[in-house]
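The values are calculated or read from the model by the stated rules, or taken from the named source; none is laboratory data. Quick caveat, the model's predicted, so the values are computed rather than measured. When we count neighbours, we look across all protein chains shown, and the Cβ atoms used for this are built from the backbone with ideal geometry, even at glycine.
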Amino acid sequence: MSDRHPHRHGPAHDHRPEHGPAHGHAHHEGRTGTAGLRHRLAHLLTPHSHDSAERLDPAMEASARGMRALWVSLAALGATALTQAAVVAVSGSVALLGDSVHNAADALTALPLGIAFVLGRRAATRRFTYGYGRAEDLAGLVIVLTIAASAAFAAWAAVARLLDPRPVTHLPAVAVAALVGFAGNEWVARYRIRVGREIGSAALVADGLHARTDGFTSLAVLVGAGGSALGWRAADPVVGLVITAAIVLVLRDAAREVFRRMLDAVDPALVDRAERAVRAVPGVREVGELRLRWIGHRLRAELSVVVDGEATLRQAHAIAVDAEHALLHAVPRLTAALVHADPAPAPGERDPHLALAHHLTA
């Protein structure tokens, strides 16, 4: 870790099984006074554990929820696409054909996300030491590219229809199919976005936004059918261009969320929340460097805290354990934290980190 965190020396704590006793008696060694009593009462009234195996259960459950969301939305969008295809067969609506093909393609975006969720369950290896959670970011990138392709396809179809107008038959059936397409996509969008936000999956949220763009496309078919019924043959392509602009706006939001996740961005409010939780830990004098990063839909934290320079190694370790414990309670979806304890500087004492100063400027 020295290449990434040059100031980490002395006792550090990573929440792993080998720390064993540290989570028992040593865990509460640094807690005194009212805060310590309140913490003990909370433990007595709220049974829980932070063993690594038990902490992985919520992460595995999150992956299972993500897979379930994918399968349910795949079935819903598949049924929607089949319904629309049946109407296309009798109406000859090119706009509805494009919408049904688009819905089928959206259903198939479940494949990269499903692969990502399956990979995310694999254990870390000597090569992939953080595991395979970042596969979700790659899946999110695929989804963003799919939304971009959808926008390009919608623009191309609209321009082609403007250059070569065609009449649409069985307009009532086309209108009903368009409503079915909108309802199916909007339901799937809400479901994916809700589950994605609950489990912290940016890729699933982006996929939900993609489904919402397909719902807009279905509404374009409906408005185009209405315009055709009134005798305006250019209604369908004109509305198609408007919907293309709406898809581009959704693409912007989805791309921003996915690219931020790929660049290790987190909500600054989470950082503030983590700092407040650690500062409240007895024995912590100051919070130094604090980093949070997403790995799939799980968070990891790395931070340094300043403790009494006269504290023993065991006391400093107990404070580090308490700091991690506070983080696990305060930060949603946090599964691990590495806490480094720095001694408070004494008057005239040489900075122990000076030996690494030349690495900072290299």
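So, in the range 153-202, exactly how many residues are of a type in the set (S, T, N, Q) and more than 27 Å from the chain's Cα centre (by Cα)?
Qualifying residue count, the range 153-202: 1.
Take the residues in the range 339-360 that are among the small types (G, A, S) and loosely packed, with under 10 Cβ neighbours inside 10 Å, then tell me which one is modelled with the highest pLDDT.
Checking each candidate, the answer is A346.
State the number of residues belonging to the range 257-279 that are exposed (fewer than 14 other Cβ atoms within 10 Å of the Cβ) and of a type outside the set (D, E).
Matching residues across the range 257-279 total 4.
Could you pull out every one of the strands (runs of 3 or more DSSP E) wholly within the range 265-362 that has 2 or more residues that are in contact with an Asp or Glu (Cβ under 6 Å, 6 or more places away or on another chain) and not polar (S, T, N, Q)?
286-295, 334-343
Quick check on L219: is it without any contact (Cβ under 8 Å) to a residue 60 or more places away in the chain and assigned to a helix (DSSP H, G or I)?
yes
Among the numbered criteria (1) more than 18 Å from the chain's Cα centre (by Cα); (2) in contact (Cβ under 8 Å) with a residue 60 or more places away in the chain, which single criterion is violated by L251?
Exception for L251: condition (1).
Any idea which of (1) in the same structural domain as V331 (by TED's automatic domain parsing); (2) aliphatic (A, V, I, L, M); (3) out of contact with any Ser or Thr (no Cβ under 8 Å at 6 or more places or on another chain) is the one L299 doesn't satisfy?
The single condition L299 does not satisfy is (3).
Looking only at helices (runs of 4 or more DSSP H) that fall completely inside the range 87-183, which ones have 1 or more residues that are closer than 21 Å to V238 by Cβ and either at pLDDT 80 or above or not assigned by TED's automatic domain parsing to the domain that holds R298 (or both)?
94-108, 135-163
Can you tell me which of (1) modelled with pLDDT of 75 or more; (2) within 25 Å of D207 (Cβ to Cβ) is the one G240 doesn't meet?
Only one criterion is unmet by G240, namely (1).
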